[in-house]
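The values are calculated or read from the model by the stated rules, or taken from the named source; none is laboratory data. Model, not experiment: these values are computed from the prediction. When we count neighbours, we look across all protein chains shown, and the Cβ atoms used for this are built from the backbone with ideal geometry, even at glycine. These accessible areas exclude ligands, DNA and RNA; they are computed on the full protein's heavy atoms, side chains included. Shrake-Rupley method; radii C 1.70, N 1.55, O 1.52, S 1.80 Å.
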Amino acid sequence: MSPARRRRIYKWELDAAARTRRVSVWNVWEKITPEWLFIISFLTLIGIGTLGLRLLPFFYASGNPGLGWIDSLFMATSAVCVTGLIIVDTATYFSIWGKLWILLLIQFGGLGMITFTTVLIASLGGRPSLRQEAITASSREAVPTVDYRGLTRHVILFTLTFEALGAFVLALVWVPQFGIIAGVGHAIFHSISAFCNAGFSTFSDSVMSFQTWPITLSLLMILIVVGGLGFLTLEELWMNVRAWRARRGFRVSLHSKIVLMMTGLLLVSGWIGFAVLEWDNTLDTMPGWARPINALFMSVSPRTAGFNNVDYAEMTAGASFLTILLMFIGGAPGSTAGGLKVTTVALPGLLAWSRIRGQRVTGFLKRTVPEETIQRAVGLIVLGFALVTGGILLLVISEGSPPERFLDAMFECVSAFDTVGLSRGITAELSSLGRLMMTALMFLGRVGLPTIASALTVAAYRPLGDFRYAQEDVVIG
């Protein structure tokens with residue numbers, strides 16, 4: 001055989017091997033489910049954020065050493081999962097470049113990598129993949145009035161509009177106090193952090209210095225609440241406004257009605273609760289006119305923004321537990337907020353109310369909620385409670401917390417899992433194992449329960465055939 005022929009055969013074998021590898025890689029890619037695509041996007045972003053914080057020394061202010069691998073992972077996860085738990089002071093430890101890096105992680109993490117990918121593809125003239133459409137349209141049956149093909153573009157539009165308006169108003173208030181450059185920088189950072197429910201701040205004491213600044217507190221609360229309503233609800237509200245202008249009817253979905261009603265109920269009840277419990281404690285040093293708005297801020301922030309306007313370590317046990325409950329509930333599905341979500345908590349309550357009235361189905365506002373949805377909500381609550389309880393147990397064991405600090409450990413775990421970021425002051429004291437555990441809780445809280453809910457949704461409609469085991473009852477109660 002001639003050398004030329006041997007070279008051609010060798011080249012053909014190499015090309016065949018390359019084609020085989022491409023086919024195998026493509027087959028693996030095709031098998032990735034929407035849930036795994038969502039998880040991989042967050043893992044990728046966390047990995048990029050960790051590498052940046054670990055390897056780029058100009059991210060840190062002069063005289064501050066770079067973070068180690070575990071601490072870089074913790075901070076990157078906290079930013080991507082829009083949690084806000086910190087082990088170093090963001091305001092003083094990072095340079096302007098480090099703060100911009102954290103802000104980018106917050107923005108991408110708050111909206112999700114899939115959303116940005118979809119918008120990028122659309123802007124280049126392409127179309128989202130079926131997996132990306134499956135993620136964006138996972139609630140199509142619950143909110144059929146929304147055009148899901150245009151929803152992703154509207155998500156970006158809503159986000160940029162509210163963040164820009166928030167930054168503009170905050171700049172008007174802060175520039176006279178901090179100067180043009182610093183005032184605008186603080187305004188942009190806090191507007192994005194508030195809308196994404198992240199809780200990161202460029203002030204060492206978060207927003208405790210603004211207890212007597214009603215415009216600042218009010219604007220931050222508006223951004224937090226709007227970001228926590230969910231883009232499906234925002235889209236429906238916008239569609240309702242357009243229908244009203246056009247003088248035509250529009251029916252808001254049951255989903256959005258529950259979100260709005262639960263949000264209002266939790267805000268008002270939390271407002272009253274904090275005012276009663278903390279009026280003579282953490283609110284005692286404030287002027288009388290400032291106490292109500294600060295109590296309202298304490299009701300807004302745990303769901304799940306993470307800005308603190310008071311020292312949570314000085315809170316009463318009752319107010320701390322109320323904060324834990326609000327953190328555990330969180331915001332609305334499809335929002336930048338974390339937690340179990342208001343609809344998940346509302347459905348078992350509606351189930352109990354229906355059973356008390358002797359109704360066999362769960363109904364609300366002249367609509368019947370599917371039994372499968374109720375079962376998934378109950379399952380998510382049980383799973384979330386189990387994960388948080390396990391996290392508290394492991395944290396108490398690993399940190400050797402004394403009994404009097406059990407409330408601090410519970411507070412920390414709920415804050416991490418529900419991506420809130422509030423703390424009673426023990427975050428920086430955690431061991432390496434404790435920080436890794438908090439990192440896992442933040443990640444699970446950000447992507448775990450929605451992924452599990454999606455998997456359960458698919459399983460609910462999987463054909464099981466006519467076969468089933470013999471029925472046998474179980475004593476309960």
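Here residue 434 meets each of (1) part of a helix (DSSP H, G or I); (2) at pLDDT 75 or above; (3) open to solvent by 40 Å² or more (accessible area, probe 1.4 Å) with one exception, condition (3).
Restricted to the range 210-253, and to residues there that are farther than 25 Å from residue 365 by Cα, of a type in the set (A, V, I, L, M, F, W, C) and open to solvent by 10 Å² or more (accessible area, probe 1.4 Å), the residue that is farthest from the chain's Cα centre (by Cα) is 246.
When residues in the range 91-117 are screened for being modelled with pLDDT under 90 and open to solvent by less than 10 Å² (accessible area, probe 1.4 Å), 3 of them pass. If residue 372 meets every condition in (1) without any contact (Cβ under 8 Å) to a residue 24 or more places away in the chain; (2) more than 27 Å from residue 440 (Cα to Cα) apart from one, which number is that one? That leaves (1) as the condition not met.
Of the residues making up the range 206-227, none is out of contact with any helix residue (DSSP H, G or I) (no Cβ under 7 Å at 6 or more places or on another chain), over 22 Å from residue 306 (Cβ atoms) and assigned to a helix (DSSP H, G or I).
Here the condition is being touching a Pro at 6+ places or on another chain (Cβ under 9 Å) and open to solvent by 50 Å² or more (accessible area, probe 1.4 Å); of 378, 420, it holds for 378 alone. Here is the figure for the range 322-362: residues that are in contact with an Asp or Glu (Cβ under 7 Å, 6 or more places away or on another chain) and aromatic (Phe, Trp, Tyr) total 1.
Comparison of 167, 198 shows that the only residue that is aliphatic (A, V, I, L, M) and in a loop (DSSP other than H, G, I, E, B) is 198. All of (1) part of a helix (DSSP H, G or I); (2) within 23 Å of residue 234 (Cα to Cα); (3) open to solvent by 40 Å² or more (accessible area, probe 1.4 Å); (4) not β-branched (Val, Ile, Thr) hold for residue 334 with one exception: (1). Restricting the first member to the range 417-442 and to residues that are closer than 15 Å to residue 320 by Cβ, and the second to residues that are among the basic types (Lys, Arg) and not in a loop (DSSP other than H, G, I, E, B), no beta-carbon pair is closer than 6 Å while six or more apart or on different chains. Can you tell me how many residues within the range 345-367 are crowded, with 17+ Cβ neighbours inside 10 Å, touching a residue at least 40 places away in the same chain (Cβ under 8 Å) and not in a helix (DSSP H, G or I)? Total meeting the criteria: 1.
Evaluated against (1) of a type in the set (S, T, N, Q); (2) open to solvent by less than 60 Å² (accessible area, probe 1.4 Å); (3) out of contact with any Phe, Trp or Tyr (no Cβ under 7 Å at 6 or more places or on another chain); (4) modelled with pLDDT of 75 or more, residue 44 falls short on exactly one condition, (2).
Looking at the range 301-319 only, could you name the residues that are more than 18 Å from residue 201 (Cα to Cα) and in contact with a helix residue (DSSP H, G or I) (Cβ under 6 Å, 6 or more places away or on another chain)?
316, 318, 319
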